[in-house]
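Inspection log for the structure reproduced underneath, given as structure tokens.
The values are calculated or read from the model by the stated rules, or taken from the named source; none is laboratory data. What you see is a predicted model, and the numbers here were worked out from it, not measured in a lab. Note that each Cβ is placed from the backbone with ideal geometry, even for glycine, and that neighbours are counted across all protein chains shown. Ligands, DNA and RNA are stripped out before the accessible areas are found, and what is left, the full protein with its side chains, is counted by its heavy atoms. Shrake-Rupley method; radii C 1.70, N 1.55, O 1.52, S 1.80 Å.
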Amino acid sequence: MFENLSDRLSRTLKNISGRGRLTEDNIKDTLREVRMALLEADVALPVVRQFVNSVKERAVGQEVSKSLSPGQAFIKIVQNELEIAMGEANEALDLASQPPAVLMMAGLQGAGKTTSVAKLAKFLREREKKSVLVVSADVYRPAAIKQLETLATEVEVEFFPSDVSQKPVDIATAAIAHAKLKFIDVVIVDTAGRLHVDEAMMDEIKDLHAAVNPVETLFVVDAMTGQDAANTAKSFNEALPLTGVILTKIDGDARGGAALSIRNITGKPIKFLGVGEKIDALEPFHPERIASRILGMGDVLSLIEEVERGVDKDKAMKLASKVKSGGGFDLEDFREQLLQMKNMGGMMNMIEKLPGVGQLPPEALAQVQDGKMTGQMEAIINSMTPGERKRPDIIKGSRKRRIALGSGTQIQDVNRLLKQFTQMQKMMKKMSGKGGMKKMMRSMGGMMPPGMKFPGR
């Protein structure tokens, strides 16, 4: 996410971070680089101008000159202005109305609107503990209605049936009436996608909006369209009273232009980010965390939240008790840890939230892309017998050949897994003793792929 912008800004700001004194000249040179980085990231020109002027105004003033570390103070200003550009703080959905709270989704075709409806429904059911009903008012694409029905089943929320012969307003009002009877907390209305801002279809969505009077009208837009995303959002905002934006396909956006432009151009907050294809890949948008990631400082808060959600606490407690009581840590336990990691979006999802990850060599990062490494390790363990998983020390030559053949890997892959398992086994032993956490952090470098260490080690 935003790799190009992050790399460019990190390199630019690194040159100024150690300066004992900032002058008009070195600030001017750095700001020129920052300006170029933002323009290359497809940030809208008015946003770039405002951003650079705000940073300059603060940097040449008292804020930096009185600081003990002017270079660091300058970076802090850049970070703060990034946060301001994106909205400063997370703005949650307004669900405090009399149930059912109606959410209406709007957007262009291909932006991931219907998938975002399902992701949001899952988010509300699991994290907000709300009962949710979803309904499709897209009478132009029968496949969209079927898609939403399938997704509703997958995320375990109620689906209200609709048909292409019906009118969108009738569909939505019937769904809301049904939700009232069933005491459902939230209704999410999926609308027809527009190929462009078409007047006739915009009139239709205005009528629908007037009929259902939603508490939230969310515009779903593809992040990879850059500042065009902000301009499209502005056009929709002129037709509909938008309350927020869901920025999709953010995991494929190496630039970041949309995230930095939308708030400034539309005046509307980004409320969620679609961070992947999986149905749970939706994150609340926190400007301060994204600004930190853009500047290569990581996003530890989001990482902690993901770990808390993704880790099965009962299994974690059982494993901790087992290790503490001297029961050891075997390959079955190791496989369980790999599965937990997969539930949290994979190793790459976790690594990219660590501070300084941009400084890691590309070849090291490439090894954990697309979950390839985790999947391979899981396949190797699955090819072992229960006895081998319990006693890895018995895995020698002929057993290694059989395991490699059964998992479609090479003997060196089996050796690598066994080496990483041994390192984790040692780490678990250290954790069970006095000062376990400090010892564990020192050991964790061995868990990473060759050539990769935790930043700062």
Going residue by residue through the range 200-212, is there one that turns out to be free of Cβ contacts under 8 Å to residues at least 12 places away in the same chain, assigned to a helix (DSSP H, G or I) and open to solvent by less than 50 Å² (accessible area, probe 1.4 Å)? yes
Wholly inside the range 91-165, strands (runs of 3 or more DSSP E) that include 2 or more residues that are open to solvent by less than 60 Å² (accessible area, probe 1.4 Å) and either in contact (Cβ under 8 Å) with a residue 40 or more places away in the chain or in contact with a Phe, Trp or Tyr (Cβ under 8 Å, 6 or more places away or on another chain) (or both) are 101-107, 132-136
Given the conditions (1) open to solvent by less than 60 Å² (accessible area, probe 1.4 Å); (2) modelled with pLDDT under 60, every one holds for GLN369 apart from (1)
Taking the range 172-198 and keeping residues surrounded by 23 or more Cβ atoms within 10 Å (Cβ to Cβ) and not charged (D, E, K, R) leaves ALA172, ALA175, ALA179, VAL186, VAL187, ILE188, VAL189, THR191
Among the residues of the range 249-268, the number that are open to solvent by 10 Å² or more (accessible area, probe 1.4 Å) and outside any helix (DSSP H, G or I) is 5
Here the qualifying pairs (Cβ atoms under 6 Å; residues six or more apart or on different chains; first in the range 38-62 and in contact (Cβ under 8 Å) with a residue 24 or more places away in the chain and aromatic (Phe, Trp, Tyr); second surrounded by fewer than 13 Cβ atoms within 10 Å (Cβ to Cβ) and part of a helix (DSSP H, G or I)) come out as none
